[in-house]
Amino acid sequence: MTKYKFISPAILLVLFIALTSCNGGTKGTVETKEEEEEVIPEDIVELRADQIKLANIETGSIETRSLSGTLKVSGTIAVAPQNLATVSMPLGGFVKSTSLLPGNPVRKGQTLAILENQEFVDIQQAYLEAKSKFDYSEAEYNRQNELYKNDVSSQKNMQQVTTEYKSLKSQVKALEQKLSLIGIDPANLHEDDISSSVALLSPISGFVKAVNVNIGKFVAPSDVLFEIVNSDKLFLELTLFEKDADKVSQGQKIRFFINNETEQHEAVIYQTGKSINADKTYKVYASVTGTCKNVLPGMYVNAIIESTSNTVTALPSDAIVSFDDKDYIFAFEKNKEEAGQPFTEYRIIEVQKGVSDGGFTEIILPEGFDISTAKVVIKGAYNLLSAKKNAGEMAC
């Protein structure tokens, strides 16, 4: 619970009330022996006009406002799987050259490194030999097929030619896939183009997140050589507690901050988690809108989720005071006169607080409270609370 520190005006008010009570003979005093002592109800505090002025008390009406609640959460910046690439060489090899450093921008199709491997030569050779045989087999297949249709060639010859044709065709297709796997276009490969070097190309545009190679290093097919990140489309992965799961939904706006920066960034929730994790937390995902400088994947963020606006009964936040884990407001009760002096009574009323937005807070009032005629203290409520709490110390 928040502990309230009463500043000097509140202390002055208490002292003033105490002194004037002692000197002026307000409540709890006896004007004459015949006059009975007045008993003030526990939920009433009263002040004279000069005390009200000193306490800077103002009254107003309870309003109906459209308030958007906020929820403070934390999380990290992430990228979609299609915007994060881990680059390896399927057949491995020795690194012949590379000039990239972490942070360098790259475009899709750009050469990241040149690798050498004798197996590259073997695959190219096997492909060209199989392709040559296939071309001859295809021509022979077409010729025998015409002869067979005209009953010139036997069925046995046709079957042999067909078997060889299909076998060579499957070999060529398999070798084409191997060439494509290591980055060689089969359509552009000729006898004079065989090389032991292959260029490793970037699969996406972005910037280099990690470089795990150097010249002369042998890399295996399972080794990660480069990590490429495209930060054009970032999203937030936020963690909420289970109790807040019903407060978020698709389309809600988010304001977030990175590190200790004061610059505000924006995002929109596009998906919420479908289950509660073992640690009783709940995941929410939001797309970052616009271009945000210095926002990088992996960064920690503090975010504020704006809830949907609702029309509620509300008061300025300063009009609501708390004491002993409960929230209260002060409502004007009545004006009266005692010993020739005017007094004003205020009734303390317990309420429940809701969402806060723009300096106003939602309040849930007790049943039967008439907001159309009620006048509520909107300034000086803490001074009234101070006077109420110290009422027992003001007796002379």
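The values are calculated or read from the model by the stated rules, or taken from the named source; none is laboratory data. Note that the structure is predicted; figures quoted are calculated from it, not measured. Positions of Cβ are generated from backbone atoms using ideal geometry, with glycine treated the same way; all protein chains shown enter the neighbour counts.
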Fill in the blank from the handout: All-but-one check, residue 298 against (1) on the phi < 0 side of the Ramachandran plot; (2) in contact (Cβ under 8 Å) with a residue 40 or more places away in the chain; (3) within 30 Å of the chain's Cα centre (by Cα), failing number (1)
Practice task
Could you list, in sequence order, all residues of the range 366-375 that are of a type in the set (Val, Ile, Thr) and either under 27 Å from residue 71 (Cβ atoms) or in contact (Cβ under 8 Å) with a residue 24 or more places away in the chain (or both)?
Solution key: 371
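Consider residue 53 carefully, then state whether it is out of contact with any strand residue (DSSP E or B) (no Cβ under 9 Å at 6 or more places or on another chain) and not in a loop (DSSP other than H, G, I, E, B).
Details: out of contact with any strand residue (DSSP E or B) (no Cβ under 9 Å at 6 or more places or on another chain): yes; not in a loop (DSSP other than H, G, I, E, B): yes.
In short, yes.
Yes/no per residue for (1) surrounded by fewer than 16 Cβ atoms within 10 Å (Cβ to Cβ); (2) under 18 Å from residue 73 (Cβ atoms); (3) of a type in the set (Asp, Glu):
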| residue | (1), (2), (3) |
| --- | --- |
| 230 | no, no, no |
| 246 | yes, yes, yes |
| 249 | yes, yes, no |
| 262 | yes, no, no |
| 276 | yes, yes, no |
| 283 | no, yes, no |
| 305 | no, yes, no |
| 321 | no, no, no |
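Please tell me if residue 367 is out of contact with any Asp or Glu (no Cβ under 8 Å at 6 or more places or on another chain), within 30 Å of residue 247 (Cβ to Cβ) and loosely packed, with under 15 Cβ neighbours inside 10 Å.
Values: out of contact with any Asp or Glu (no Cβ under 8 Å at 6 or more places or on another chain): yes; within 30 Å of residue 247 (Cβ to Cβ): yes; loosely packed, with under 15 Cβ neighbours inside 10 Å: yes.
Criteria met by residue 367.
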Handout entry: Long-range neighbours under 8 Å by Cβ, at least six apart or interchain, first residue small (Gly, Ala, Ser) within the range 239-258, second assigned to a loop (DSSP other than H, G, I, E, B)
Key = 245/273; 245/276; 249/308
Exercise for the section: Just one of (1) more than 25 Å from residue 103 (Cα to Cα); (2) of a type outside the set (S, T, N, Q); (3) in a loop (DSSP other than H, G, I, E, B); (4) in contact (Cβ under 8 Å) with a residue 60 or more places away in the chain trips up residue 279, so point out which. Expected result: (4)
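Scan 118, 144 and give me the residue that is surrounded by 14 or more Cβ atoms within 10 Å (Cβ to Cβ), polar (S, T, N, Q) and either assigned by TED's automatic domain parsing to the domain that holds residue 170 or touching a helix residue (DSSP H, G or I) at 6+ places or on another chain (Cβ under 8 Å) (or both).
Working: 118 fails: surrounded by 14 or more Cβ atoms within 10 Å (Cβ to Cβ).
When all the criteria are applied, what remains is 144.
Kindly indicate whether residue 355 is buried (at least 16 other Cβ atoms within 10 Å of the Cβ), out of contact with any Lys or Arg (no Cβ under 9 Å at 6 or more places or on another chain), farther than 18 Å from residue 44 by Cα and modelled with pLDDT under 90. Working first, answer last.
Details: buried (at least 16 other Cβ atoms within 10 Å of the Cβ): yes; out of contact with any Lys or Arg (no Cβ under 9 Å at 6 or more places or on another chain): yes; farther than 18 Å from residue 44 by Cα: yes; modelled with pLDDT under 90: yes.
Answer is yes for this residue.
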Fill in the blank from the handout: Being of a type in the set (A, V, I, L, M, F, W, C), modelled with pLDDT under 85 and assigned by TED's automatic domain parsing to the domain that holds residue 334 narrows 54, 19 down to just 19
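To keep it simple, each residue is scored yes or no on (1) over 30 Å from residue 207 (Cβ atoms); (2) not aromatic (Phe, Trp, Tyr).
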position: 297; (1), (2): no, yes
position: 301; (1), (2): no, yes
position: 323; (1), (2): yes, no
position: 332; (1), (2): yes, no
position: 337; (1), (2): yes, yes
position: 390; (1), (2): yes, yes
Exercise for the section: Pick out the one residue from 329, 348, 363, 378 that is more than 20 Å from residue 65 (Cα to Cα), in a strand (DSSP E or B), in the same structural domain as residue 52 (by TED's automatic domain parsing) and among the hydrophobic types (A, V, I, L, M, F, W, C). Expected result: 348
Practice task
Would you check which residues across the range 49-66 are surrounded by fewer than 19 Cβ atoms within 10 Å (Cβ to Cβ) and touching a Gly at 6+ places or on another chain (Cβ under 9 Å) and list them?
Solution key: 56, 58, 65
Practice task
Look at residue 275 and say whether it is farther than 20 Å from residue 360 by Cα, among the polar types (S, T, N, Q) and either out of contact with any Phe, Trp or Tyr (no Cβ under 6 Å at 6 or more places or on another chain) or in the same structural domain as residue 360 (by TED's automatic domain parsing) (or both).
Solution key: yes
Practice task
Would you check which residues across the range 324-364 are farther than 25 Å from residue 247 by Cβ and among the basic types (Lys, Arg) and list them?
Solution key: 334, 336, 347
Handout entry: Pick from the range 214-241, criterion of a type in the set (Val, Ile, Thr) and not in a loop (DSSP other than H, G, I, E, B), ranking: farthest from residue 300 (Cα to Cα)
Key = 219
Problem - Per-region count, the range 59-76, residues among the hydroxyl-bearing types (Ser, Thr, Tyr) and over 21 Å from the mean Cα position of the chain (by Cα) - result: 4
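Can you tell me how many residues within the range 285-296 are at pLDDT 85 or above and either loosely packed, with under 10 Cβ neighbours inside 10 Å or over 24 Å from residue 66 (Cβ atoms) (or both)? Don't jump to the end; show me each part of the working.
Start the filter on the range 285-296 by keeping residues that are at pLDDT 85 or above, which leaves 285-289.
Now restrict to residues that are either loosely packed, with under 10 Cβ neighbours inside 10 Å or over 24 Å from residue 66 (Cβ atoms) (or both): 285, 287-288.
So the count comes out to 3.
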